[in-house]
Amino acid sequence: MNTNTKCYCPYISPFDPCPPILTKCFSTPPHLYMTFQPPNLPQFSPYEALKFGTLWKPLFSDYTPNLSAGRKEAEN
């Protein structure tokens with residue numbers, strides 16, 4: 001599974017006073033799926049590299065948290 005978002009179902013205790021979150025998701029960085037750095041990767045300009053935090057475009061991950069998905073399931 002080569003997606004940047006992974007999900008799992010945590011243990012829900014019967015004694016937990018909070019409403020349960022049935023599915024928790026987290027983001028993984030793209031470099032985990034590259035076994036080596038291929039030559040001639042496309043690069044950002046120096047200004048864009050400082051803005052995005054990486055020089056190479058394939059290693060940039062646009063992290064967008066999806067907090068509402070877990071909360072909607074907990075309300076049901």
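Amide H to amide H, with H built 1.01 Å from N, Q43 comes under 5 Å of K57, counting only residues 5 or more places away or on other chains.
The mean sequence separation of alpha-carbon pairs under 8 Å and at least six residues apart, normalised by the residue count of the range 1-66, gives a relative contact order of 27 percent. Rounded to the nearest Hz, the phi-derived 3J(HN,Hα) couplings of the range 40-54 under the Karplus curve 6.51 cos²θ - 1.76 cosθ + 1.60 (θ = phi - 60°) are 6, 5, x, 10, 7, 5, x, 5, 5, 4, 5, 5, 8, x, 8, where x marks glycine and proline.
Readers should treat all values here as calculations from the given coordinates under stated rules, not as data from a laboratory. Being a predicted model, the structure only gives us computed values, none of them experimental.
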